[in-house]
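Here the structure is laid out as structure tokens; the discussion comes afterwards.
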Amino acid sequence: MANSSFRASKHGRRGSAYLEAEFSCSLQELRSLMELRGDDAHDRIRQNYCDVNGLCARLRTSTLEGLDGSWEDLERRRQAFGPNVTPPKKPKTFVQLVWEALQDVTLIILEVAAIISLGLSFYRPPHADRDSCGSAAGSVSDEGESETGWIEGAAILLSVACVVLVTAFNDWSKEKQFRGLQSRIEQEQKFSVLRAGQLAQVKVSDIVVGDIAHVKYGDLLPADGILIQGNDLKIDESSLTGESDHVKKSADKDPMLLSGTHVMEGSGKMVVTAVGVNSQTGIIFALLGASEEAGDGDDDKGDKEKKKKKEERKKREKKDKKSKKDEKGKKGKSKDGAPVEMEPLNEDAEPEKKKSNMRKKEKSVLQGKLTKLAVQIGKAGLFMSTLTVIILIVRFVMDTFWIQGIPWTSECVPIYMKFLVKFFIIGVTVLVVAVPEGLPLAVTISLAYSVKKMMKDNNLVRHLDACETMGNATAICSDKTGTLTMNRMTVVQAYLAGCYHKKVPEPSLVHAKVLDLLVLGIGVNCAYTTKIMPPEKEGGLPRQVGNKTECALLGLSVDLQRDYQSIRNDIPEEKLFKVYTFNSVRKSMSTVLKNHDGSYRMFSKGASEILLRKCCKILTENGVAKAFKPRDREKLMKTVIEPMASEGLRTICLAYRDFTAADQPDWDDEADILTGLTCIAVVGIEDPVRPEVPDAIRKCQRAGITVRMVTGDNINTARAIASKCGILQPGDDFLCLEGKEFNRRIRNQLGEIEQERIDKIWPKLRVLARSSPTDKHTLVKGIIDSAVLEQRQVVAVTGDGTNDGPALKKADVGFAMGIAGTDVAKEASDIILTDDNFSSIVKAVMWGRNVYDSISKFLQFQLTVNVVAVIVAFTGACVTQDSPLKAVQMLWVNLIMDTFASLALATEPPTEALLLRSPYGRSKPLISRTMMKNILGHAVYQLTVIFTLLFVGELLLDVDCGRNAPLHAPPSEHYTMVFNTFVLMQLFNEINARKIHGERNVFEDVLDNPIFCSILLGTFVIQVLIVQFGGKPFSCVSLSVEQWLWCISLGFGSLLWGQLVSSVPTRWLKFLKTAGHGTKQEEIPEEELEEMKDPDEIDHAEMELRRGQVLWCRGLQRIQTQIRVVNAFRDSVSPYENLETPESRSSIHNFMSHPEFRIDDSEPHIPLIDELEAEDDAAAKRNSVPVPNNTAPERPLLPPPLPARAAGLISANSAGLPPCPGSPLHSLETSL
């Protein structure tokens, strides 16, 4: 019927009115229908369409076949009822972004100063005698001044325009990147619909009105629809109604399914009736969009109203305070019982707190540290710039009116104004350079770059800050199935009809009645969307579609040479009497069939130990049921289930129960129905560990991250898989608990969870088996809230089920499975693993740590420039009444160090070395003492060079002095060289900044980052152009080749100086402080802080010093040993005399083992250089393999005099030397 109507409508296009007439159901009619709920909706459907099938007929669709899927039909439906897309909010235009960038306070001050300077440069006082206004003003020739006076003001405006355009462009590209990410996430979303009788996965945006969609547990509904048939369907409509209770849906009571709601239980089939802007979610979005547009025009008014409301609310809250206190106890009790515990809110700022409680809105650790640091630097910069302006003005006033004794005249005011503006511009420029506005840019670039690259590593990042937080992760709570294992399940063992088969038996070995029951049970008691499909490539494995455990059971029926599809064709989904779908509470699934004689048969499958408790009979070899007593169950557990589980197999029990027509039970009383079962079989399902997982877990453990497995599986299976993965090591003192035991240990007598009890368990807990999603949430919350360890734990969690939502939201970083994950889990997560693989989490850790290090590199570089530029400008202003670096030059330096450096240093790719250290933690300062040493060390070099050039440069370089030049004086070679050397030192220091732990090789992997190389080269080329052709606007004159070589040599000196700075161990410089702490830094006392930071400090100079000491000690000991050997051989008396039998001389080892030459181990060993190299490679002392004597390098350089027989030498086994490396001859041999 439906198909004929499609064909009839293919003859040419028609108008929208005809389309609606053709579908005999208008858009408005469907919209009004979807606004009804419950019985009202059911009555309206019955009145207008008889039933849902009548509505499908009007929409020209079939409940069994769906749409035919032809392009013309789909297009017609889109025209009549709209597409399934909600138009996105308009992005900000480039002009708007430019306007936003112009709002920067420092830039506004600069613009104002530049405009005043520009105005004054064109103003000529009519009768001003220049000489009468002071020597500073009068010593400039008037010639050409009016033509060039405007250049500085114009150049500043041009520089400001450059900065604004670069900022706006960065914001625009960031916006574009996010939109790309959003569309990528949307493209990932697919939904099951029936097209031409086949179940197909289509993009959510391709769903149209009339589609027959299959809904199942965990789906996020993409459109509005009416239920055709449902099995135990429960929907969470809280996103639309705010009611947290799950709403039960059925075709005859409440058939309305709404977009944006979550399927929490069951499955079913619906006909789509509204999509896009016409769906319930779309209507809300449209209202939001309208209100936003209305609000945009009247922002100020809105702000005033907000303030008013806030004040009113505060008054109201103060009144309510007393009543709130009374209610507090009641609230607390209700809170504990809820599966998701919320933090108590502060009465004075309830809505504000609510926002901060939502973790996604909260500032990340890194952002918090950066904001604090930027404010501190900004304050220092403001102080310095104000001081600079005051000193300049005071000096000018004293020089003009006191020393020169010039009287005040109104004609000179414009000239004095010019000086004032010039001083003001210098002050503002100091502020511009001091304020690190490049910090947020560096963070954005680094995160955006990481997110883009992480997509290639199968990490789809939904929230930017998750990427950075992952770098600080200290614990990962991972699922087992699909994440640690391959999620390709197969039945490998079975206990069938009283026989334990170690492999799947031949059908001839199983009784026909048992076989029929088993295959029928598997066929009907699995979701009909689960299928075994033929392999994509010839010779490949069959494809598993749907739930993988069910696929394993269907695979078993195929192995037993039975066709499950023919059973499904005989008993279609509509004929199933009742379905109790699987959920985490039941841990089982049951399907009830109605027989022809009115009796019923129920098939059940589920976790073996749970379902076996509900069995009272078991099938024997001849297919007859016999009694199944508790002792039989215990025996079966010991002989079948435990051996299966210990091999890492998941055990599933299959059972059935018959109900007579006479005694029909209450089908809603599950507890009564799911008893008195007859066990058919217990099967062992294998899910092999992913080959790359053990290595990934080793990397995590080496990186200081604890991996815990949280699974719904049997504890023996979980323990076996954990051992295979490397989560549990032989001989480790760790806990493996079941959900029940875990709950018993963490709750008090009243059944309330206590943090102290959790704190006793979680540090040792490695496996949590048979756990519910609530247990997972409790564990995650317990670890995060724990104060047992100094550092607050940063927890990552993986999840795929709908009920994992709370745990994913509570965790610092939530990973959802891209393949097996439900829409609800994806919605709650921060990162989606597109390959469901644990090793992708390790890559996320690497990228997260890389973000942190990239920001630190940028900070190290920027703060060096800040310190030097501010001191130079300040000192220059104090001494020479002018800044050696002019405003435009400062803006160029600012552009280098902010925009270009953030691009260059924030795009460094991560290396495996990042996984060789422990996580930084929340309280770790952004600027470590090693970094502070680098910043101050390089600042000392740069300041020495700049001040030498500034005050004696004209003598050294044989150029005219540029100091004390009057206003609008032409640029000098002297100051051009100062500027050029300063910029080149920054360029070479940018290479130094690539290493933040004092490593020597700053060029390591530099060619792996083309962005860094091109920016460095590009900046150098622009610098050459500025100096050679910049002229007056940049206050530069072109330099000769010799002068350029001087500048480059001084710049290159930064690299050599860097080697010297790296050689100084940080522990020698006790006066250095850290900076850029987390928010709670004030609470830690100074002494504790230093003690706490020292062990984590990575300092390569320290390591080199230790290696040097060790080499020295070894050299000294070898010399002593050689002297003793030579003396022994010189001795006139043979050492052999009266000491050994002639036979023993045949063996050099026997000779060496003689007491005369044996070297005792009484002296502590000196570690081998190889061992220290391993430590060096690890880049962190804590992660290196412990050497025989960790304290050796700490001893004085000169070892104590060694006794003749107890010269402590190196351990033999570690160096791979011949059998007796401690021997004197060996030492002599090696030295020769």
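Computed quantities for the displayed model
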| read-out | value |
| --- | --- |
| Residue in the range 723-731 that is of a type outside the set (A, V, I, L, M, F, W, C), over 20 Å from Leu649 (Cβ atoms) and open to solvent by less than 20 Å² (accessible area, probe 1.4 Å) present | no |
| Criterion (assigned to a loop (DSSP other than H, G, I, E, B), closer than 25 Å to Gly266 by Cβ, touching a residue at least 24 places away in the same chain (Cβ under 8 Å) and of a type in the set (Val, Ile, Thr)) met by exactly one of Thr549, Thr529 | Thr529 |
| Conditions (1) among the β-branched types (Val, Ile, Thr); (2) crowded, with 21+ Cβ neighbours inside 10 Å; (3) modelled with pLDDT of 90 or more: number failed by Thr822 | (3) |
| First in the range 802-820 and without any contact (Cβ under 8 Å) to a residue 12 or more places away in the chain, second anywhere and surrounded by fewer than 23 Cβ atoms within 10 Å (Cβ to Cβ) and in a helix (DSSP H, G or I), Cβ under 6 Å, 6 or more apart | none |
| Complete set of residues in the range 216-238 that are among the hydrophobic types (A, V, I, L, M, F, W, C) and within 20 Å of Gly818 (Cβ to Cβ) | Leu220, Leu221 |
| Which numbered condition Tyr852 fails, given (1) among the aromatic types (Phe, Trp, Tyr); (2) within 16 Å of the chain's Cα centre (by Cα); (3) open to solvent by 20 Å² or more (accessible area, probe 1.4 Å) | (3) |
| Helices (runs of 4 or more DSSP H) enclosed by the range 641-743 - at least 1 residues per element that are more than 27 Å from Pro505 (Cβ to Cβ) | 670-673, 693-702, 715-725 |
| Positions within the range 589-614 being of a type in the set (Lys, Arg) and closer than 13 Å to Leu576 by Cα, in sequence order | Lys594, Arg601 |
| Given (1) at positive phi; (2) within 34 Å of the chain's Cα centre (by Cα); (3) assigned to a strand (DSSP E or B), number of the condition Gly218 does not satisfy | (3) |
| Candidate set: the range 610-624, residues that are surrounded by fewer than 22 Cβ atoms within 10 Å (Cβ to Cβ) and farther than 11 Å from Ile680 by Cα; chosen: the one modelled with the lowest pLDDT | Asn622 |
| Residue within the range 864-880 that is open to solvent by less than 10 Å² (accessible area, probe 1.4 Å), at pLDDT below 80, touching an Asp or Glu at 6+ places or on another chain (Cβ under 9 Å) and more than 29 Å from Thr388 (Cβ to Cβ) present | no |
| Which numbered condition Asp563 misses (of (1) surrounded by fewer than 20 Cβ atoms within 10 Å (Cβ to Cβ); (2) over 44 Å from the mean Cα position of the chain (by Cα); (3) over 30 Å from Glu65 (Cβ atoms)) | (3) |
| Restricting the range 745-802 to residues that are among the small types (Gly, Ala, Ser) and more than 30 Å from Asp219 (Cα to Cα), the residue that is most open to solvent (accessible area, probe 1.4 Å) | Ala787 |
| One residue from Asp211, Asp206 being in contact (Cβ under 8 Å) with a residue 60 or more places away in the chain and under 24 Å from Arg44 (Cβ atoms) | Asp211 |
| Among residues of the range 744-770, those that are part of a loop (DSSP other than H, G, I, E, B) and within 19 Å of Gln793 (Cβ to Cβ), counted | 4 |
| Residues of the range 579-612 satisfying the condition of being hydroxyl-bearing (Ser, Thr, Tyr) and farther than 30 Å from Ala769 by Cβ | Ser599, Tyr600 |
| Tally of residues being assigned to a loop (DSSP other than H, G, I, E, B) and open to solvent by 50 Å² or more (accessible area, probe 1.4 Å) across the range 532-546 | 8 |
| Test: residue in the range 499-513 that is of a type in the set (Ser, Thr, Tyr) and over 44 Å from the mean Cα position of the chain (by Cα) | yes |
| Qualifying residue in the range 247-263 (condition: under 34 Å from the mean Cα position of the chain (by Cα), within 21 Å of Cys526 (Cα to Cα) and crowded, with 24+ Cβ neighbours inside 10 Å) | yes |
| Pairs where the first residue, in the range 880-891, is over 20 Å from Ile393 (Cα atoms) and part of a helix (DSSP H, G or I) and the second is modelled with pLDDT of 75 or more and open to solvent by 10 Å² or more (accessible area, probe 1.4 Å), C-beta under 7 Å, 6+ apart | Val888/Pro1033; Val888/Phe1034; Val888/Ser1035; Gln889/Phe1034; Gln889/Ser1035 |
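The values are calculated or read from the model by the stated rules, or taken from the named source; none is laboratory data. Computed from a prediction, not measured in an experiment: that's the story for all the values here. Cβ sites come from the backbone with ideal geometry, for glycine too, and all protein chains shown count toward neighbours. Remember, those area values only see protein heavy atoms, side chains included, never the ligands or the DNA or RNA. Shrake-Rupley method; radii C 1.70, N 1.55, O 1.52, S 1.80 Å.
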